[in-house]
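Undergrad: Take this structure first; my questions come after.
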Amino acid sequence: MRDRSRPRREAGERPLESFVNVPEWPRRDHAFLSRLRGRTPQTLGRPAADHQPPRPPISVALRTVLLLALSNVFMTFAWYGHLKTLSAKPWYIAALVSWGIALFEYLLQLPANRIGYTVLTLGQLKIIQEVITLVVFVPFAMLYMRQPLKLDFLWAGLCLVGAVYFVLRGGAGG
């Protein structure tokens, strides 16, 4: 005879008592929540393998160098590009075009210096800028302006290597 105080279970159903005092629940819940961390509503329906963990942030010094390099490309074209492309135009036209190009330089250079100044000194920022200037200028002069490569570029580069050594030898903040 069956006990009428308990409801009848279908085959395969777990009794209610099996859900109470189960020690695995907190661990399962924690594992479930940790799998959800970093997921967006768009990625929740996808398998976890499709979800890429967030990338580590790029270092401050590297971000500074990349922004300064891009800034320097604009600067070089603003300062010297008009010599090739606008040589037949009046100087004030070249100045206006150069100012327009220089705007993009400043939109990259100002944030680069602000970001870099959080971990680098003013002198370190300036020397890094000069190294980048030479690294950008030499290919610009050779490829765009069709100037010959000179040994003086090498000597200037070696002087800048020495400058970098002296300014950074105390560490990024020293």
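Every number in this text was worked out from the coordinates using simple rules, so none of it is lab data. These numbers were taken from a predicted model, which means no experiment stands behind them. Ideal geometry is used to build each Cβ from the backbone, glycine not excepted, and the neighbour counts take in all protein chains shown.
Undergrad: Anything in the range 80-102 that is more than 22 Å from Arg146 (Cα to Cα) and among the hydroxyl-bearing types (Ser, Thr, Tyr)? List them, or say none.
TA: Result: Tyr92, single match.
Undergrad: Take Ile93 and tell me if it is under 30 Å from Val60 (Cβ atoms) and either surrounded by 17 or more Cβ atoms within 10 Å (Cβ to Cβ) or free of Cβ contacts under 8 Å to residues at least 60 places away in the same chain (or both).
TA: Details: under 30 Å from Val60 (Cβ atoms): no; either surrounded by 17 or more Cβ atoms within 10 Å (Cβ to Cβ) or free of Cβ contacts under 8 Å to residues at least 60 places away in the same chain (or both): yes.
No: the conditions fail for Ile93.
Undergrad: From Ala88, Ala141, which residue is of a type outside the set (S, T, N, Q), out of contact with any helix residue (DSSP H, G or I) (no Cβ under 7 Å at 6 or more places or on another chain) and crowded, with 16+ Cβ neighbours inside 10 Å?
TA: After ruling out the rest, the residue left standing is Ala141.
Undergrad: Same structure again: Given Gly116, Gly162, which one is small (Gly, Ala, Ser) and surrounded by 14 or more Cβ atoms within 10 Å (Cβ to Cβ)?
TA: After applying the criteria, what remains is Gly116.
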